[in-house]
Amino acid sequence: MKASAIIVAAGSGVRLGHSTPKAFVPLGGAPLLSYSLEALAHVDGIGEAIITLPSGMESAARTEIRRAGLDLPVKLTPGGAERQDSVRIALALTSALAEIVVVHDAARPFATSANFAGVIAAAARAGAAIAAIPLADTLKQVSEPNLIVGTVPRAGLWLAQTPQAFRRDLLIEAHRRALAAGIVATDDADLVQRLGATVEVVAGATLNFKITTADDLAVAAAIVAARADRSAPSSSNR
Ligand code: CTP
Ligand code: MG
């Protein structure tokens, strides 16, 4: 069968500090979640989607699914306490017929359909692949509160993003072992790496950043506004 997509959107967004849960905070007039749904709607080879949600947001999510034209079976589920719990809960709802599962954070509104397609194709070949970008800045080791104690060589360091795609059996085993061993990681690739499986990186994009703070949201809003300007017919052309 086609790949299953998991969109994790159940977080509350404590660091963003908005009264609305992060995935439903407006960005350019649409909830943050809607951007990921739209990207997903244009990916070939997706058979179903599972979305983790904050409580009480099911009907708002259904509206966005329709608006994005996501023409797939979609299951909505409450998330767990941590992101990793949410992924595990969603994973249990994926079809056993899916060979590949692709996981994406709703908090990254600018992931493209090509980002999804890229990791899915690489995972189908190699078992596991994530979007990532090489680190561009110089990395300092700082001892609390503000003293530099070293520079970490940058060569070979990449920033992990989502989407991340895996052979479904591999991701299920990775989450099973993590739960049994009490391991908590900030991404799914880490759990799969702990199995000793190889994970490939596929070129992500600087633009595919995660909205964490109010500053990130302001940057995202500026990007959306600039895009809207570019696509609107200018008054001089009318
Ligand atoms: N997420 C989730 N379930 C959780 C926690 C997070 O589905 N229990 C999702 C978020 O909705 C987000 C993604 O995982 O799309 C990445 O999490 P993060 O950026 O940390 O979002 P929040 O947990 O909402 O933010 P914060 O940590 O600031 O509260
Ligand atoms: Mg969080």
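The values are calculated or read from the model by the stated rules, or taken from the named source; none is laboratory data. Given the structure is predicted, the values throughout are model-derived calculations rather than measurements. Reconstructed Cβ throughout: ideal geometry from the backbone, glycine too, with neighbour counts over all protein chains shown. Protein only, heavy atoms only, side chains kept; ligands, DNA and RNA dropped before computing areas. Shrake-Rupley method; radii C 1.70, N 1.55, O 1.52, S 1.80 Å.
In the stretch 133-238, the alpha-carbon atoms span a convex hull of 206 Å³ per residue.
When both the stretch 68-135 and the stretch 163-238 are represented by their alpha-carbon centers, they are found 9 Å apart.
Listed by number, the DSSP H helices of the chain that run 18 Å or longer by alpha-carbon position along their axis and have mean Kyte hydropathy of at least 1.0 are 113-126. Using the average count of surrounding beta-carbon atoms within 10 Å as a protection proxy, the listed peptides 114-122, 100-108 rank, highest first, as 100-108, 114-122.
With springs only between Cα atoms under 10 Å, which of 154, 194, 67 fluctuates most in a Gaussian network model of the chain? Evaluated over the chain, the most mobile residue of the options is 154.
Extension gain for residue 137 to residue 230 (0.36 nm times residue separation, less C-alpha to C-alpha distance): 30.5 nm. Computed in the context of the full set of protein chains, the accessible area of the chain at 1.4 Å probe radius has 55% of its extent on carbon or sulfur.
What residue among 112, 206, 63 has the largest mean-square fluctuation in a Gaussian network model of the chain, using Cα springs under 10 Å? Comparing 112, 206, 63 in a Gaussian network model of the chain, the most mobile one is 63. Lysines near residue 22 by alpha-carbon distance under 22 Å, same-chain residues fewer than 8 away left out - which ones? Within reach: 75, 210.
Taking all Cα pairs closer than 8 Å and separated by 6 or more residues, the relative contact order of the chain comes to 23 percent. Of 83, 168, 227, the residue with the greatest mean-square motion in the GNM of the chain, using alpha carbon springs below 10 Å, is 227. For the chain, the per residue solvent-accessible surface stands at 51 Å², with DNA, RNA and ligands left out and a 1.4 Å probe. When restricted to Cα atoms, the chain yields an Rg and a Dmax of 18.4, 64 Å, respectively. Segment residue 42..residue 195, full-extension length gain: 51.9 nm, with 0.36 nm per residue of separation and the alpha-carbon distance subtracted.
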